[in-house]
Amino acid sequence: MSGRGGSLDAVVVDFDAGPVLAACVRSLLDEGVVEVVVVENGDAAGARALLDAEGVNVPVIDPGLNLGYGAGANRGVAAGSGTEFVLVCNPDLRLHPGAAAALVDALEAEPSWAVVGPRILDAAGVPYPSVRRFPSMVDAAGHAVIGLVAPDNPFSNRYRPPPTADAARSPADWVSGACLLVRRAAFEELGGFDESYFMFAEDMDLCWRAHQAGWGVGVEPAAVVTHFEGVTRRRHPYRMIVAHHRSALHFVSRTTTGWRRLSVPLAAVVLGLRLVAALAIEATP
């Protein structure tokens, strides 16, 4: 690894993802990660057996129940070897060669950044809009109302701008928790992920609090990962849809201040209607 070799741990938060877990861990080890810790929110014995069968020997933490993503990540970070940086990622992820080094280099070059995210591709190689803005009330409402049926709308495009091929390292409002590198000192200062989020929005919340504390957040497109999105989500689609909307409302409630708090009940109504629509779409053959 270029930059400061030996400065990186990784945490994989899993929930019965199956064979993709071993491939993810192997891609992390191939990148020179000091220690990979798997936090298994599902069947820990099954995950251990799967990793052993693939010849992948890494610690597996069994919390005894499904803690959710942020709480699981916090356990994994605390159990690591204490390196300066920690990569937190989903199990359905593959790092491209040099991705870990590029992320480390970014945080070393940007000492004010607490978090940096990579360029994320989907399984077809299409860039995923993983770098996002904190939306205005108008954009949040427009994205919520229109985004389900017309993803390519002005509100959604301002909230999650489409990636550009020639993008350079740059600051960001927030980056996807599917894969992000955190500076351990900043992560500990912020208290880690907020465990009141079960799934979704914990990444947005972490970046929000980082900004509030004077830290920066950025993206390093030279670091590329492929995310085979939805391996776990497809097994529990309705639960994930509900968790997504609940977390969105939780974020609005936690971060809205002053007179803008008058909009929280309206946000609850909009998100409730969107939840009903999302569940109906999921149930449609």
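Coordinate-derived values only; no laboratory data. Everything numeric in this text was worked out from a predicted model, so none of it was measured. Reconstructed Cβ throughout: ideal geometry from the backbone, glycine too, with neighbour counts over all protein chains shown.
Can you classify the range 112-154 as rounded, prolate or oblate using the Cα gyration tensor, where a ≥ b ≥ c are the square roots of its eigenvalues, rounded means a/c under 1.5, and otherwise it's prolate if a/b beats b/c and oblate if not?
Values: a/c = 4.12, a/b = 1.27, b/c = 3.25.
The shape class here is oblate.
Suppose the chain between ASN157 and ASN57 were pulled fully straight at 0.36 nm per residue; how much longer would it get relative to their current alpha carbon spacing? Write down the numbers at each step before the final one.
Details: separation 100, 0.36 × 100 = 36.00 nm, distance 4.20 nm.
Net length gain for the segment: 31.8 nm.
222 nm [θ] for the chain, helices only, -39500 (n - 2.57) per DSSP H run of 4+, per residue, to 500?
Details: 10 runs with 115 residues, N = 285.
Dividing the helical sum by the residues of the chain leaves -12500 deg cm²/dmol.
Please work out how much length the chain gains when fully extended from VAL149 to LEU262, using 0.36 nm per residue of separation minus the C-alpha to C-alpha distance, in nm with one decimal. Spell out each step's value before the answer.
Working: separation 113, 0.36 × 113 = 40.68 nm, distance 2.75 nm.
Fully extending the segment from VAL149 to LEU262 adds 37.9 nm.
Can you list, largest first and rounded to whole Å, the semi-axes you get for the range 169-250 by taking the square root of 5 times each eigenvalue of its Cα gyration tensor?
Values: eigenvalues 110, 62, 21 Å².
The three semi-axes for the range 169-250 are 23, 18, 10 Å.
Would you order HIS236, HIS143, HIS250 from fewest to most other beta-carbon atoms within 10 Å of each residue's own beta-carbon? Present the calculation step by step, with values, prior to reporting the outcome.
Working: HIS236 14, HIS143 21, HIS250 18.
With the fewest neighbours first, HIS236, HIS143, HIS250 line up as HIS236, HIS250, HIS143.
Mind sorting MET199, MET240, MET137 by how few other Cβ atoms lie within 10 Å of their own Cβ, fewest first?
Values: MET199 23, MET240 18, MET137 13.
Ordered from fewest to most neighbouring Cβ atoms within 10 Å, MET199, MET240, MET137 come out as MET137, MET240, MET199.
What does the extension gain come out to for SER81 and VAL138, with contour length at 0.36 nm per residue minus their alpha carbon separation?
On the way: separation 57, 0.36 × 57 = 20.52 nm, distance 4.39 nm.
Extra length from SER81 to VAL138 when fully extended: 16.1 nm.
Which order do LEU50, LEU262 fall in if you start with the one that has the fewest other Cβ atoms within 10 Å? List each step's numbers first, then the result.
Details: LEU50 21, LEU262 9.
Listing LEU50, LEU262 from fewest to most nearby Cβ atoms yields LEU262, LEU50.
Based on DSSP, what percent of beta bridges with both residues in the chain are antiparallel, to the nearest 5? Display every interim value, and only then the final one.
Values: 15 of 36 bridges.
So the antiparallel bridges in the chain amount to around 40 percent.
Mind checking Rg over Rh on the range 36-141, alpha carbons, Kirkwood formula for Rh?
Numbers: Rg = 16.6 Å, Rh = 16.4 Å.
Taking Rh as the inverse mean 1/r over Cα pairs, Rg/Rh reads 1.01.
Beyond 23 Å, what share of the Cα-Cα pairs of the range 130-219 remains, rounded to the nearest whole percent?
On the way: 1135 of 4005 pairs.
The proportion of pairs with Cα distances above 23 Å equals 28 percent.
Restricting things to alpha carbons, tell me how big the range 111-182 is in terms of Rg and Dmax, in Å.
Expressed in Å, the Cα Rg and Dmax of the range 111-182 come to 13.1, 41.
Normalized C-alpha radius of gyration of the range 129-285, against 2.2 N^0.38 Å? Working shown, then result.
Working: Rg = 16.0 Å, N = 157, 2.2 N^0.38 = 15.0 Å.
Normalised by 2.2 N^0.38 Å, the Cα Rg of the range 129-285 equals 1.07.
If I fit a long axis through the Cα atoms of helix 137-146 and take the longest principal axis of the Cα atoms of the chain, what angle between them do I get, 0 to 90°, rounded to 10?
Here the helix axis deviates by roughly 90 degrees.
Take the Cα atoms of the chain, build their convex hull, and give its volume per residue in Å³. Walk me through the intermediate numbers first.
Numbers: hull volume 36.2 nm³, N = 285.
Expressed per residue, the convex hull around the Cα atoms of the chain is 127 Å³.
Starting from the Cα of ALA213, step 7 Å along the direction of its Cβ; do the same at ASN66; then give the gap between the two resulting points in nm.
Placing both labels 7 Å beyond Cα along the Cβ direction yields 2.9 nm.
Per-residue HN-Hα couplings for the range 10-27, Karplus 6.51 cos²θ - 1.76 cosθ + 1.60 at θ = phi - 60°, whole Hz, x for Gly and Pro?
Result, ordered by residue: 9, 10, 10, 9, 10, 9, 6, 6, x, x, 5, 4, 4, 5, 5, 4, 5, 5 Hz.
Please list 3J(HN,Hα) in residue order for the range 201-215, calculated via the Karplus relation 6.51 cos²θ - 1.76 cosθ + 1.60 where θ = phi - 60°; whole Hz, with x for glycine and proline.
6, 5, 6, 4, 5, 4, 5, 4, 5, 4, 4, 4, 8, x, 8
Using Cα springs under 10 Å in a Gaussian network model of the chain, which residue among VAL86, VAL77, VAL20 shows the largest mean-square fluctuation?
VAL20
Taking the Cα atoms of the range 59-105, what is the range of coordinates along each of the three principal axes, in descending order and whole Å?
35, 25, 18
Under a plain spin-label model, where a point goes 7 Å from the Cα along Cα-to-Cβ, how far apart in nm are ALA283 and ASP166?
4.9
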